[in-house]
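The values are calculated or read from the model by the stated rules, or taken from the named source; none is laboratory data. It should be emphasised that the depicted structure is a prediction, and the values quoted were computed from it without experimental measurement. Cβ: placed from backbone, ideal geometry, glycine included. Neighbour counts: every protein chain shown. Accessible surface is based on the protein model in full, side chains and every heavy atom, while ligands, DNA and RNA are left aside. Shrake-Rupley method; radii C 1.70, N 1.55, O 1.52, S 1.80 Å.
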Amino acid sequence: MAAGGTAVAGVAAVGLFVVACNAGGTGARDAGPARTDPVARATPSAGEPSPPATRRVDPVALLRGDPKVSDTVKRDLKPCVKDEYPVDTSYGKLTGGPANDVVVNVMTCGDAVGVGTYVYREDGDAYANVFAAEAPAVYAEIDRGDLVLTKPVYGKDDPMAYPSGEEVITYRWAGSKFTVYDQVHNDFSRAVGGDGDADGSESAATATPEN
């Protein structure tokens, strides 16, 4: 009888514990099989328009047919392997037009160093070049509706892999062209990442004020 009473008390205690967990809703997770209810999915309202599909372009053909692209860039625009060209293409809103704008970055095959960046705006059935920058290691990206251009700054003896600094320029579309909205200059330390001075010692770069 004593053993039976102890077992009944244990079962009752377990029952109270389960009820307490289920009733509050904020305690331990309820035990039991996984839920099989269908997951709710967000669906657009009946009158809500769907976003337009992005129109893809052939960036290589776009560059070759663009008179604003230099002959040097066109001449060096060759496949790295088979039919793969060193070209990055991004689509997004930059100029406020009804269609996505296209940002094309051209690089070298060996070390992926940028040689030119271009922005194209849809103009009827064609695309118009509304921005171009051709310089060593230049690269542009779309950042929340802005065009952000990164351009390294090289000193007299800087190797290509270790520039002295960089310019980060943010452009915004104003009317019919891009204008500079913000500009940041970064100086890089020579104490890390490089090979040091010619005599084997390493020294930190000293920032000098611009005139």
field: Contour minus Cα-Cα distance for Glu84 and Arg172 (0.36 nm per residue)
entry: 28.5 nm
FRET efficiency, Val57 to Met160 (Cβ-Cβ, R0 35 Å, nearest 0.05): 0.70
statement: Extension length gain for Val113 and Lys93 (0.36 nm per residue less Cα distance), in nm, is 4.7 nm
statement: On the formula 1/(1 + (r/R0)^6), with r taken between the Cβ atoms of Arg75 and Ala191 and R0 of 45 Å, the FRET efficiency rounded to 0.05 is 0.70
- request: Arrange the residues Met160, Met107 by how much accessible surface each exposes, largest first, with a 1.4 angstrom probe.
  value: Met160, Met107
- prompt: Distance from the Cα centre of the range 131-194 to that of the range 54-105, in angstrom?
  reply: 19 Å
